[in-house]
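Bear in mind that the values in this text are calculations on the coordinates, not laboratory data. Computed from a predicted model, the values in this text were never measured in an experiment. Quick reminder, even Gly has a Cβ in these numbers, built from the backbone with ideal geometry, and neighbours come from all protein chains shown.
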Amino acid sequence: MAGQSDPHISLFSAEEVEFMAEDELIEIVPNLRMDPLNFICGDFGPFLPQIATQVPFWLAVALKKRGKCAIRPPQWMSVENLTQVLERERESQGAFQVLPFHYVEISRLLFDHARDDIPDMYMVRSLIEDIRDVRIHKVETSLEKFSGTSAVKIPNLSAMEVNIIRPFVGRALQAFYKHDNPEKIPDVDRPSSAQTRVANNEPRRPLRR
Amino acid sequence: MASSGGEWSAEQIDDYEALISTTDVELLKKAWRNEKASPEILPFEEALVKRAKEQIQLMEETVDDFEESGHDPLIVSLYQMDLDRVQFLLRSYLRVRLQKIEKFMFYIWKTDTYRNRLSIEEEKFTERCIRDMGKHLEETVLSKMPDNYQSVLKQSVISEEDDMVPEPQLDTFVVAKCERTTRPLYLDGSRQSAGFDSRDDHFQMVPGDLCILRYRPFQEELTSGNISLV
Amino acid sequence: MHGRKAYELVKEFASGEKGHLKIFNNELFERVIEECNEHHNALQSLIRKMQEEGLEVQTAKNADHYGALVHHLSLTRNKRCLMAYVYNRAEIIRDLAWKVGLLHELPSEIQEKFGDSEEQYFKDHSKSLKLYMSQLSLDVNVDMVPPKDPYIKVRVLEDLGSGIILSDKSANFARHSMHFLKRTDAEQYISRGLMEELTG
C-alpha cells in the first residue's frame, strides 16, 4: 500500500493523510520582503521581514526550504503543554485529550523540515511519541465498545488514530450487520500472508461451501 | 435534492459556501474525501468541477507567463505547487468516481438514484463499461451456458431478482465529522448508540463531533452536507 | 464431486498474488462449462421423467424433484464461479488499463497471461478511459499520488565539477556542497549515488 493512492478506494494512504494535513495553517516569520502569493487555494502575504503571518503548512515548509522564513511552532507544541497532555492522557481511561486533528503529521513535518525552529526539539518529539503510544493503546482497548452499535462518538481522536481504527471497525461491525443477501458473484477472499487485511467497501461475496 | 423542512438543497449549500467564502479548493477536498470514504457514488459536483477546471487553466497560463518573463524560478515553483495540489484533488475526485463505476457498473446503471448522480461523461463511460463487460462475459461464459442460464444479471430465469449484480455495501462503517447539527435519529438495532461513556435514546451530532457511523442511516445527512467523511 | 472443478478454478485465482494475473486456465475453465451442460442434461431428463409420470415438477417433492434441484444448484454455482473467475480477472485487467494505455506497452509476461477475450477487453477498456479523458480534456490516470515540492535539498557526494547547466540555473557541484535543486535535475545524480537528498 505504500505510496499508492488507490488500491482500495475507501482508504487514505499515509501520503494522502499528510497531504490533507499540509493545508493546516501555521505561523511563519519571513526574513525578507516578498510579493503576495495569489494561489488557487487562497491569497497569502504580503510578506514583510519579521512580521508573522499565517500560511498553510505546505507553503511554510516550501518557503523555509527556500530560505525565506522561519516557522513558529504552534502553541500546543511546547514542552510544558505536552507534558500536561501526556499526564492527563495517562490518567483518563476513556477520554482523549484535545490535540489538533493532524498533530502527528504536523509534528513530523516540523521535525523533518524545521528542526531548528523548535525549542527543545528532542524533548518535544519524545513527548509526542509517548502521547501517541498512550492514545493508540487506548484506541485498541476501546474497540470492543463498538460492537453492536450503529453510531459511536469518538471525541478528540486524531487523523492517525482514525486511520488505525478504520479497518478494525469496518470488519468487526460489518460482520454484525451482514444481512442475508441473495448470492452475489463470489469474490473469494484473497489470502495475503504478508499484508494485513484492510477494510473495503466492496460487497462481501463469500463462496458457498 | 428536494429541500424540505429546513433541509438544504445542493444549490443552497453551494451558495452558502460561496458566501462564507470557503475556497473551491476546500470544497473540492471535501468532495474528494466524501467520495473516497463513501461506499456509494455521490452526486456529481458539476459546478465545482467546472470552476476548478477554469481556475486551473488560468493558473497554468499564469505560470507559463511567469516562466517566460524570467520570474524567480523558486517563486514560480510555489505557484506550481499550488497548481499541482489542486490538480491532484480534481483528478483524484474524478478517478475515485470512475473506479466506483467500474466496480458497480450494472447496479449504478439500473438504479435511478445513482444513475442520476453521474455526469454526462460518466454516464457514457458507464454505458461503455457495461457494453464491454457484457460482451466479455457473453463470449467467455454466457454463450456457453444452457438456455435459461444465460443472463448476466440473474443466475437463471427463475431468479426473482438480479442476483448476480454486485452492489455497494451500505452497512459499512465510516468516520464522519459533523458540520451542522444533524436530525435526531432513532437507530434500530440492539443498542442505538454509544459514546465512550453514555447512551442515548436517539443519536444526534453537533458541529465538531467526530463519530464512527454505520453508513446507511446517515446517507441523507451526508448528501445534505450536515456531516462530511474523513 | 459436484462443484470441485469450479472450486479449483476460483481457488487458483484466490491463491495468486493480489493484483497479479495467472495464465488463463483454459483447460479447467472448459471443464467447468462441460459440467454445466452435463448438469443441464441431467436436470432436463429428470424433469422429463417427472412429467411423463404425470407429476407437477414444482410441487411433487420426490427424489427426482430434489435430484433436479441439486443439478440446478450445481449449475448455478458453476456459473457463479465461472463469472467470478472472469469478473475478478477483469478487475485486474482494468487496473492494468489504468496504468498502461496501450496493449503493446504491456510487458509480454503479462500479455501472455490473457485469455482470448481478455486481450480485447483490455483494449476496449483502455479506449473507454481514453474517450472519457478526451471528453473531459483531463487525464485522470496521472498524479496518482499527492504532489511534492518540485525542489529538494541535496548534498553532493563526489566532486562533479563546476558550471553544470540545470533546467533553471547553473551550479558548481563541489564535494560536500549543498544545493536546492529541482527534483528532476537531481534524480540522475541521486540514482547514481553521486548526490543524496537531505531532510531537516
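On average, how many beta carbons from a partner chain sit within 10 Å of the beta carbon of a residue in A:34-47?
Values: counts 3, 2, 0, 4, 4, 11, 16, 13, 5, 1, 2, 0, 0, 0.
Across A:34-47, the average partner-chain Cβ count within 10 Å equals 4.
Ranked highest first by average number of other Cβ atoms within 10 Å, how do B:69-76, A:17-24 line up? Kindly include the intermediate steps, with their values, before the conclusion.
Details: B:69-76: 14.1, A:17-24: 20.1.
With the highest mean Cβ count within 10 Å placed first, the list reads A:17-24, B:69-76.
Just order A:75-86, B:78-89, C:52-63 by mean Cβ neighbour count inside 10 Å, highest at the front, would you?
On the way: A:75-86: 15.9, B:78-89: 21.8, C:52-63: 10.2.
Peptide ranking by packing, descending: B:78-89, A:75-86, C:52-63.
Averaged across C:146-156, how many Cβ atoms of other chains sit within 10 Å of each residue's Cβ atom? Working shown, then result.
Details: counts 15, 13, 6, 11, 8, 9, 1, 2, 0, 0, 0.
The mean count of partner-chain Cβ atoms within 10 Å per residue comes to 6.
Under a point-charge model restricted to the Cβ atoms of Lys and Arg (+1) and Asp and Glu (-1), what is the dipole moment magnitude of the protein assembly as shown relative to its Cα centre, in debye to the nearest 20? Before the final figure, lay out each step's value.
On the way: 82 positive and 106 negative charges, 290 e Å.
For the protein assembly as shown, the charge dipole is close to 1400 debye.
Mind listing which trypsin sites (Lys or Arg not before Pro) in the stretch A:23-89 are in a DSSP loop and have 14 or fewer other Cβ atoms within 10 Å?
Working: sites: A:Arg33, A:Lys64, A:Lys65, A:Arg66, A:Lys68, A:Arg88; in loops: A:Arg33, A:Arg66, A:Lys68.
The qualifying sites are A:Arg33.
Dipole of the stretch C:4-136, Cα-centred, from +1 at each Lys and Arg C-beta and -1 at each Asp and Glu C-beta, to the nearest 20 debye? Let's see the in-between values first.
On the way: 19 positive and 21 negative charges, 88 e Å.
Dipole of the stretch C:4-136, to the nearest 20 debye: 420 debye.
Once amide H atoms are placed 1.01 Å from N in the peptide plane, what residues at a sequence separation of 5 or more from A:Ile154, or on another chain, have their amide H within under 5 Å of its amide H?
B:Leu210, B:Cys211, B:Ile212
Taking beta carbons within 10 Å but only from partner chains, what does the mean come to for residues C:164-171?
Details: counts 0, 0, 1, 1, 6, 2, 0, 0.
Mean shielding by partner chains, rounded to a whole number: 1.
What percent antiparallel are the DSSP beta bridges of the protein assembly as shown, to the nearest 5? Numbers along the way, then the final one.
Details: 35 of 37 bridges.
DSSP beta bridges in the protein assembly as shown are roughly 95 percent antiparallel.
Collect residues whose amide H, placed 1.01 Å from N in the peptide plane, falls under 5 Å from the amide H of A:Arg72; neighbours closer than 5 in sequence don't count.
Long-range HN contacts for A:Arg72: A:Glu27, A:Ile28, A:Val29.
When you count, for each residue, the other Cβ atoms within 10 Å and take the mean per peptide, how do C:94-102, A:156-164, C:183-191 rank with the highest first?
Details: C:94-102: 16.8, A:156-164: 19.7, C:183-191: 15.1.
Result, highest mean Cβ count within 10 Å first: A:156-164, C:94-102, C:183-191.
Skipping prolines and chain starts, which residues have an amide H placed within reach, meaning under 5 Å, of the one on B:Ser224, given they are 5 or more residues away or on another chain?
Under 5 Å from the amide H of B:Ser224: no residue qualifies.
For the stretch B:62-103, give the magnitude of the charge dipole about the Cα centre (Cβ charges: +1 Lys/Arg, -1 Asp/Glu; no others), in debye to the nearest 20. Provide the component values of the computation, followed by the final result.
Working: 6 positive and 8 negative charges, 149 e Å.
Using only the charged Cβ atoms, the result is roughly 720 debye.
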